[in-house]
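Encoded as structure tokens, the structure appears first; notes follow it.
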Amino acid sequence: MSLYLQDERISLRALEPEDIDLLYEWENKEEIWTVSHTIAPFSRHILALYIQNSDKDLYETRQLRMMMVNKTGKTVGAIDLFDFDPFHSRIGIGILVHQSQDRSKGYATAALNLMTRYCFEKLCLHQIYANILTDNTVSMNLFLKAGFVLTGTKKDWIREDGIWKDEHLLQLIN
């Protein structure tokens, strides 16, 4: 595996067909629909097609998902690149560490550091951005610690259970 995609805590790998059960569980968990901008469940068939097409080039799909695997071989989460804009040389990023017992172990920090380095050194991007709900202090701290800068707040941007929430925009510019 590329040294760009691993460190002493975590490895980032491409999607595999055996990931379908995890993706089915994660993508259909309503608690995370707000941050993933999802409003309906995903079928196994759609997820299987997604995995099947995950070998397509970033320039074609405008997105990339890597699975986060700890040193024991457990898949603990995923890191997504999305909204790739090659003309403006930027991309969005999001992270999920699914189970609470896998959080606060440095996996998200390691994955974010690996992926930002990959974006800047291999993809030659100018900037990476993240959208984070203002009440998500854990994610805010993660991204700020990684060098992202809070550059704006979108007011009443996300509706969750009938309540409007603000969303921060954070950027990391190379």
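The values are calculated or read from the model by the stated rules, or taken from the named source; none is laboratory data. Note that the structure is a prediction, hence the values are computed from the model and not measured. No Cβ is skipped: glycine too gets one built from the backbone with ideal geometry, and neighbour counts run over all protein chains shown.
Residues in segment 95-141 that are under 14 Å from the mean Cα position of the chain (by Cα), of a type in the set (Ser, Thr, Tyr) and farther than 17 Å from residue 32 by Cα: 107, 109, 116, 118, 129. For segment 60-70, the criterion of a residue being of a type outside the set (Gly, Ala, Ser), touching a residue at least 60 places away in the same chain (Cβ under 8 Å) and over 21 Å from residue 158 (Cβ atoms) is satisfied by at least one position. Among residues of segment 8-36 that are within 23 Å of residue 158 (Cβ to Cβ), those with a beta-carbon under 9 Å from a residue that is at pLDDT 90 or above and β-branched (Val, Ile, Thr) at least six positions away or on a different chain give the pairs 34/158; 35/132; 35/158. Which of the residues spanning segment 18-55 are of a type in the set (D, E, K, R) and either more than 18 Å from the chain's Cα centre (by Cα) or assigned to a helix (DSSP H, G or I) (or both)? Hits for segment 18-55 are 18, 19, 21, 25, 27, 30, 31, 44. Mind listing just one residue for me: the one in segment 19-56 that is among the basic types (Lys, Arg) and modelled with pLDDT under 80 and, of those, nearest to residue 160 (Cα to Cα)? Step by step, filter segment 19-56, then rank; the result is 29.
Restricted to segment 65-96, and to residues there that are buried (at least 20 other Cβ atoms within 10 Å of the Cβ), in contact with a Phe, Trp or Tyr (Cβ under 8 Å, 6 or more places away or on another chain) and of a type in the set (A, V, I, L, M), the residue that is farthest from residue 30 (Cα to Cα) is 91.
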